[in-house]
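The values are calculated or read from the model by the stated rules, or taken from the named source; none is laboratory data. The structure displayed is predicted, hence computed values, not measured ones. Reconstructed Cβ throughout: ideal geometry from the backbone, glycine too, with neighbour counts over all protein chains shown. Quick note on the areas: whole protein, heavy atoms, side chains included, nothing else; ligands and nucleic acids left out. Shrake-Rupley method; radii C 1.70, N 1.55, O 1.52, S 1.80 Å.
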Amino acid sequence: MESFPQFDPATPTTSENVENHLFGLSLQQLEKFIERNRLEQYRSRQIWHALYQQRVSSLQEITSLPQSVREGLVHSGYSVGLPQIAQTFVSDDGTERYLIACADGETVETVWMPNGDDGEMGDGSEAANEEESAGCKPRPSTTEAQIPAAQEPIPYRRATICVSSQVGCAVNCQFCLTAKLGMRRNLTAGEIAGQVAAVLNRHQVRIGRDRINLVFMGMGEPFLNYDHFMAAVHLLVEGMGIPESRMTVSTSGILPGIERFATEALRPKLALSLNASNDTIRESMMPITRKWKIEDLLRAMCSIPLRPRERLTFEYVLLGGVNDRMEDARELVALLRRAKLAAKVNLIVWNPGPDIPYRMPSPDDVAAFQKCLIDGGIPAFLRRPRGRDIYAACGQLKRTLE
Ligand code: SAH
Ligand code: SF4
């Protein structure tokens, strides 16, 4: 009969904490785990290294552990628990959208964008410099991506991964497809960081050699899942080695979240989905404005100590006839100048979706809007739509397979 070391049996899975999964545990949590199971303390670092740097998929791959320990852990019900890519959709422009399966059967969506979507342009980071030196210029008024020939593998000098923070979303922005899902549940830190690990493994990315940017702009509102989101950031930075300056989190404007974020020693860059130049228009698109006003959000953003050259990003989804007029652009310039922030604006042409009663802005209106901001002294960039043909672009992350 085989004999294994005796370990604490793994506890059953809950949606809040998948306790038999090691991926997602912090170093301190791994140390406690090791202590509870009466293993040598240095084993915690070995597991930490295997989980986050090697990104192993199974305990058997942790060859720094003796075979008997690996088998004992498996026998006691433990596993790595890296989220699995259940389905992949590949766009003509090289963008890939994944349906990633969680342990309880819920799925979230994650997007891989080779060569990014120009979202970092002008934000003062290293990632932005690369985009600029790669010859990217703020796009003119065209809303179409430049599409390379299909079938060819898309070479990338850098890639951006768009990560989800919740299954569904409770914020109910009127123009967003994810809102239609409603709120299903928060993702755990392991499920958030795990999306990144699964995608990096698929593309055999080596952190340090390949340039990877992360945007927390997938399904969900990261600041309504604050603790898990920040725990994931720590795993990604301290465990996986992705610099925080290559990460951007986008919030719809959760005031207490922004205030807390301002106090973090380790944090990604921040983007606010502003989307309107006054509370009245914003409230019609984003009912959450009833709770937290633009002025209060801007004041909280002013309290964030910025890194050298760092800029705060304001996302502005252009909806035809709603917020894309010259008077809106002028009001936006006045608002951001008054706020005296190191700001840049990312203009996003609204991606239409079924049963959403808005229309796309005209290319001329988009160009005029961008010019008005630039003439007013506000750096403004047009986000390149990626993967429209596979519903991977902003706000289209709804489970189209349901
Ligand atoms: N919940 C966060 C992050 C996810 S949404 C937030 O709202 O900021 C990421 C970005 O997609 C936001 O700036 C949002 O305004 C934008 N967005 C949502 N639906 C969109 C759509 N249909 N077309 C274009 N952008 C959209
Ligand atoms: Fe949620 Fe962001 Fe969509 Fe608003 S735009 S519903 S906050 S995911």
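Within the option set Thr143, Thr188, being at pLDDT 95 or above and either of a type outside the set (A, V, I, L, M, F, W, C) or more than 16 Å from ligand 2 (Cβ to nearest atom) (or both) holds for one residue only, Thr188. Among the residues of the stretch 163-197, the one identified as of a type in the set (S, T, N, Q), open to solvent by 10 Å² or more (accessible area, probe 1.4 Å) and not in a loop (DSSP other than H, G, I, E, B) is Asn186. Taking the stretch 203-216 on its own, how many of its residues are in contact with an Asp or Glu (Cβ under 9 Å, 6 or more places away or on another chain) and either surrounded by 24 or more Cβ atoms within 10 Å (Cβ to Cβ) or part of a strand (DSSP E or B) (or both)? Looking only at that region, the number is 3.
Among residues of the stretch 237-256 that are over 19 Å from Lys293 (Cβ atoms) and within 16 Å of ligand 1 (Cβ to nearest atom), those with a beta-carbon under 7 Å from a residue that is part of a loop (DSSP other than H, G, I, E, B) and open to solvent by less than 10 Å² (accessible area, probe 1.4 Å) at least six positions away or on a different chain give the pairs Met247/Pro268; Thr248/Pro268; Val249/Pro268. Taking the listed residues Ile281, Ile294, the one that is open to solvent by 10 Å² or more (accessible area, probe 1.4 Å) and not charged (D, E, K, R) is Ile281, with no other qualifying.
Away from ligand 2 (no atom under 16 Å from the Cβ), within 11 Å of the chain's Cα centre (by Cα) and either farther than 20 Å from Leu181 by Cβ or among the basic types (Lys, Arg) (or both): does that describe Asn278? Against the criterion (away from ligand 2 (no atom under 16 Å from the Cβ), within 11 Å of the chain's Cα centre (by Cα) and either farther than 20 Å from Leu181 by Cβ or among the basic types (Lys, Arg) (or both)), Asn278 does not qualify. May I ask you to verify whether Phe261 is at pLDDT 95 or above and crowded, with 24+ Cβ neighbours inside 10 Å? Judged against the criteria, Phe261 is not a match.
Tell me which residues, restricted to the stretch 22-42, are open to solvent by 20 Å² or more (accessible area, probe 1.4 Å) and outside any loop (DSSP other than H, G, I, E, B). The answer is Leu27, Gln28, Gln29, Glu31, Lys32, Glu35, Arg36, Tyr42.
So that you can scan it fast, the table gives a plain yes or no per residue for (1) on the phi < 0 side of the Ramachandran plot; (2) surrounded by fewer than 20 Cβ atoms within 10 Å (Cβ to Cβ); (3) hydrophobic (A, V, I, L, M, F, W, C):
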residue	(1), (2), (3)
Ala300	yes, no, yes
Ser303	yes, yes, no
Leu319	yes, no, yes
Val322	yes, no, yes
Ala339	yes, yes, yes
Ile348	yes, no, yes
Asp355	no, yes, no
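When the stretch 217-236 is limited to residues that are in contact (Cβ under 8 Å) with a residue 40 or more places away in the chain and open to solvent by 40 Å² or more (accessible area, probe 1.4 Å), the one that is nearest to ligand 1 (Cβ to nearest atom) turns out to be Met217. Taking the criterion of being acidic (Asp, Glu) and assigned to a loop (DSSP other than H, G, I, E, B), the residues of the stretch 87-103 that qualify are Asp92, Asp93.
When Leu200 is tested against the conditions (1) touching a residue at least 40 places away in the same chain (Cβ under 8 Å); (2) assigned to a loop (DSSP other than H, G, I, E, B); (3) more than 11 Å from ligand 2 (Cβ to nearest atom), the lone failure is (2).
Phe381: within 16 Å of ligand 1 (Cβ to nearest atom) and either open to solvent by less than 20 Å² (accessible area, probe 1.4 Å) or assigned to a loop (DSSP other than H, G, I, E, B) (or both), yes or no? Considered against the rule, which asks whether it is within 16 Å of ligand 1 (Cβ to nearest atom) and either open to solvent by less than 20 Å² (accessible area, probe 1.4 Å) or assigned to a loop (DSSP other than H, G, I, E, B) (or both), Phe381 comes out as no.
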